[in-house]
Protein chains: 4
Amino acid sequence: MRIDQIAAGMTAEFSKTVTEADVVMFAGVTGDFNPAHLDAVAAEKGPFGGRIAHGMLSASFISTVLAMRLPGPGTIYLSQSLKFLRPVRIGDTVTARVEVLEMMAAKRRVRLATWVENQTGEKVVDGEALVMVPGQDRQ
Amino acid sequence: MRIDQIAAGMTAEFSKTVTEADVVMFAGVTGDFNPAHLDAVAAEKGPFGGRIAHGMLSASFISTVLAMRLPGPGTIYLSQSLKFLRPVRIGDTVTARVEVLEMMAAKRRVRLATWVENQTGEKVVDGEALVMVPGQDRQ
Amino acid sequence: MRIDQIAAGMTAEFSKTVTEADVVMFAGVTGDFNPAHLDAVAAEKGPFGGRIAHGMLSASFISTVLAMRLPGPGTIYLSQSLKFLRPVRIGDTVTARVEVLEMMAAKRRVRLATWVENQTGEKVVDGEALVMVPGQDRQ
Amino acid sequence: MRIDQIAAGMTAEFSKTVTEADVVMFAGVTGDFNPAHLDAVAAEKGPFGGRIAHGMLSASFISTVLAMRLPGPGTIYLSQSLKFLRPVRIGDTVTARVEVLEMMAAKRRVRLATWVENQTGEKVVDGEALVMVPGQDRQ
């Protein structure tokens with residue numbers, strides 16, 4: 001969307017079940033082989049009693065909402081704050097949500113509340129994003 | 001590492017060339033199919049003159065350093081701030097670095113400066129992390 | 001094949017171009033993020049003057065010939081020796097070859113010479129395999 | 001590590017749960033589509049009563065320990081012997097271990113015992129590796 005199509009209060013979301021394959025591939029791309037994610041035996045003895053997904057995997061779904069839905073394709077990511085509130089387990093279905101908080105039209109910037117919930121509605125990640133949206137001459 | 005093995009000023013890093021395969025797989029796991037990352041034709045007309053990697057992919061290498069090196073296995077991620085300063089192009093080699101800023105021994109928490117550089121030493125991502133480290137009774 | 005269909009001197013092969021994506025995915029599955037494979041900047045300063053594929057990736061193509069062609073589906077891998085003779089670079093096309101050296105019909109075992117060549121015919125991996133083949137009552 | 005930092009008796013390890021995603025991706029990269037690994041129906045009727053991981057996948061975790069931990073980054077793989085002793089099933093958590101057996105300082109070579117265990121401590125792969133380590137002028 002262009003800056004003049006966006007208004008405070010607008011929301012968007014993206015949901016996905018976090019599978020074992022997602023965790024394996026995320027580890028494979030990032031190199032983060034923390035046993036909490038990839039070693040079922042060690043993870044069972046750990047603080048969460050089993051394997052959990054990478055926090056940055058859940059956080060990345062925020063990027064997905066921003067890039068795919070609101071503001072959508074062409075969005076340039078400027079900053080993101082993240083609090084990791086609860087673990088996401090393999091098999092959990094998470095929903096990343098964004099809500100427009102503030103428009104800075106002159107600079108084509110948008111500030112958004114961003115968070116990720118699990119299937120029971122608990123926040124697992126919370127934060128804020130600042131993005132720049134395409135100019136009017138762009139798609 | 002345990003909290004008593006960590007001191008302000010300690011550093012660690014992780015380097016990786018960001019390939020087309022990484023970008024494709026990161027998109028596949030996260031669902032972020034922003035044309036800036038996956039559509040060479042659209043990206044060429046975009047603000048960066050070609051495809052760039054997901055900002056969250058570069059940011060995730062920070063998680064890799066924290067989980068694999070400093071503080072290392074067992075680390076629990078509490079929060080992360082991220083500023084996306086420059087694009088990472090396919091073929092760039094990035095290095096994620098962390099430096100311990102502050103110890104909060106009573107709560108076993110560590111605050112770290114975290115950033116990612118490209119092969120020419122320019123910062124592409126900057127921010128801070130807060131993590132909790134395993135207790136003395138853990139590995 | 002069944003043991004009575006195999007004879008000393010029989011050969012089989014499997015060829016594949018080793019791409020950057022193969023190396024990224026092999027690292028992702030195995031956790032072997034040796035900079036020689038994944039960090040173009042570090043690898044350029046290393047002994048091979050650039051990134052090379054994992055030796056075990058090339059060696060795994062031997063397993064592919066054994067399992068897919070000779071003796072083929074149902075083969076049980078008993079042992080493998082491997083000498084890593086030359087680096088395989090990203091973009092090289094390698095051919096894994098096996099040749100039956102000896103039949104041990106009573107135990108349904110087959111000993112094979114196994115090696116991998118690059119596109120110029122140089123051996124990159126050399127070794128021997130011992131496998132067990134399905135009984136006559138099996139497919 | 002440099003050759004003068006390594007001594008006989010030193011050990012290192014790497015653990016990972018072998019998931020269905022690992023087996024699928026390993027097959028995809030290597031082309032080893034043995035039904036024992038990828039065809040649940042055929043594998044159930046086979047000698048192991050279900051799908052098993054590729055032997056070379058388990059063996060590759062030895063490469064991971066050598067490259068990532070001992071001797072670590074910069075290690076050059078010279079040879080590896082492998083005996084496949086027991087099947088690894090999808091869901092097993094395996095630990096690859098290496099122990100330095102012998103130093104050949106003049107040639108910067110190290111001989112190591114190498115094996116992989118499952119979560120019950122049974123050896124699934126056994127063998128020996130010969131590697132060359134970086135010179136003192138290298139990292």
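The values are calculated or read from the model by the stated rules, or taken from the named source; none is laboratory data. Since the structure is predicted, the reported quantities are computational estimates derived from the model, not experimental observations. We place every Cβ from the backbone using ideal geometry, glycine too, and count neighbours over all the protein chains shown. The protein model used for the area step is the full one, side chains on, heavy atoms only, and it has no ligands, DNA or RNA in it. Shrake-Rupley method; radii C 1.70, N 1.55, O 1.52, S 1.80 Å.
To the nearest 500 deg cm²/dmol, what mean residue ellipticity at 222 nm is calculated for chain D from DSSP H runs of n ≥ 4 alone, each contributing -39,500 (n - 2.57), summed and divided by the residues? Please report the intermediate quantities before stating the final value.
Values: 4 runs with 35 residues, N = 139.
Value at 222 nm, helices only: -7000 deg cm²/dmol.
Counting only Cβ atoms, what residue of chain B lies nearest to the axis that sends chain B onto chain C, and how many whole Å off?
So the chain B residue sitting closest to the axis is B:ALA21, 2.
Once you average over the residues of B:19-28, how many Cβ atoms of partner chains fall within 10 Å of each Cβ?
Going residue by residue through B:19-28 and averaging, the value is 6.
How many nanometers, to one decimal and shortest first, lie between the label point of D:ARG89 and those of its other copies, if labels sit 7 Å from Cα toward Cβ?
Those label-point separations list as 2.2, 4.6, 5.1 nm.
Pick from C:MET103, C:MET25, C:MET56: which residue has the top mean-square fluctuation in a GNM of chain C where Cα pairs under 10 Å get a spring?
In this elastic network of chain C, the residue with the biggest mean-square fluctuation among C:MET103, C:MET25, C:MET56 is C:MET25.
When you look at the Cβ of every residue in B:70-77, what mean number of other chain Cβ atoms sits within 10 Å? Write out the running numbers ahead of the final one.
Details: counts 0, 0, 1, 8, 6, 2, 9, 9.
Taking all residues of B:70-77 together, the mean is 4.
In percent, what relative contact order does chain D have, based on Cα pairs under 8 Å that are 6 or more apart in sequence? Could you put the intermediate results ahead of the total?
Working: 294 pairs, mean separation 43.8, N = 139.
It comes to 31 percent, rounded to a whole number.
How big is the gap, in Å, between the Cα center of region A:50-101 and the Cα center of region B:59-105?
Centre-to-centre (Cα) distance: 17 Å.
How far apart are the C:LYS45 label points across copies, placing each 7 Å from Cα toward Cβ, in nm, shortest first?
3.8, 4.2, 5.7
Between the helical axis of C:55-68 and the dominant principal axis of chain C, each derived from Cα atoms, what acute angle in degrees is found, rounded to the nearest 10?
So the helix axis and the longest Cα principal axis differ by about 30 degrees.
Would you kindly state how much longer the chain becomes between A:PHE48 and A:SER15 on full extension, computed as 0.36 nm times their sequence separation minus their alpha carbon distance, in nm to one decimal?
Working: separation 33, 0.36 × 33 = 11.88 nm, distance 2.30 nm.
Using 0.36 nm per residue and subtracting the Cα-Cα distance, I get 9.6 nm.
State the percentage of accessible surface on chain C attributable to carbon and sulfur atoms; use a 1.4 Å probe and exclude ligands, DNA and RNA. Numbers along the way, then the final one.
Numbers: 2770 of 5510 Å².
Ligands and nucleic acids excluded, carbon and sulfur reach 50 percent.
Can you tally the net charge around B:ALA27? Count Lys and Arg as +1, Asp and Glu as -1, for every other residue whose Cβ sits under 14 Å from the Cβ of B:ALA27.
On the way: positive: A:LYS16, B:ARG51; negative: A:ASP22, B:GLU20, B:ASP22, B:ASP32, B:ASP39.
Local net charge: -3.
Mind listing the label-point distances from A:GLU13 to the same position on all other copies, shortest first, one decimal in nm, points 7 Å along Cα→Cβ?
So the label point of A:GLU13 gives 4.3, 4.4, 5.7 nm to the other copies.
Show me, for region C:27-41, the HN-Hα J-couplings you get by feeding each phi into the Karplus relation (A = 6.51, B = -1.76, C = 1.60, θ = phi - 60°), rounded to Hz, glycine and proline as x.
With coefficients 6.51, -1.76 and 1.60, one gets 4, x, 7, 8, x, 8, 9, 3, x, 4, 9, 10, 10, 4, 5 Hz.
Determine the total buried accessible area between chain A and chain D, counting protein heavy atoms only with a 1.4 Å probe; round to the nearest 100 Å². Intermediate results must be reported in sequence, preceding the final value.
Details: alone 7560 and 7540 Å², together 14330 Å².
Interface between A and D: roughly 800 Å².
Once amide H atoms are placed 1.01 Å from N in the peptide plane, what residues at a sequence separation of 5 or more from B:ASP39, or on another chain, have their amide H within under 5 Å of its amide H?
Amide H neighbours of B:ASP39: none.
Residues with beta-carbon under 10 Å from that of B:GLN80, excluding B:GLN80: net charge, scoring Lys, Arg +1 and Asp, Glu -1?
Values: positive: A:LYS83; negative: B:GLU128.
Here the count lands on 0.
In nanometres, what is the gap between the two model label sites at B:VAL41 and A:LEU85, each 7 Å from Cα along Cα-to-Cβ?
Label at B:VAL41, label at A:LEU85, 4.3 nm between them.
Report, as an integer, the average count of C-beta atoms from other chains found within 10 Å of each Cβ along A:39-52.
Details: counts 9, 9, 9, 8, 2, 1, 2, 6, 6, 1, 0, 0, 2, 1.
Mean number of neighbouring Cβ atoms from other chains: 4.
Over region A:1-52, what per residue volume does the convex hull of the Cα atoms give, in whole Å³? Mind dumping the intermediate values first?
Values: hull volume 7.3 nm³, N = 52.
Considering the Cα atoms of region A:1-52, their hull volume per residue is 141 Å³.
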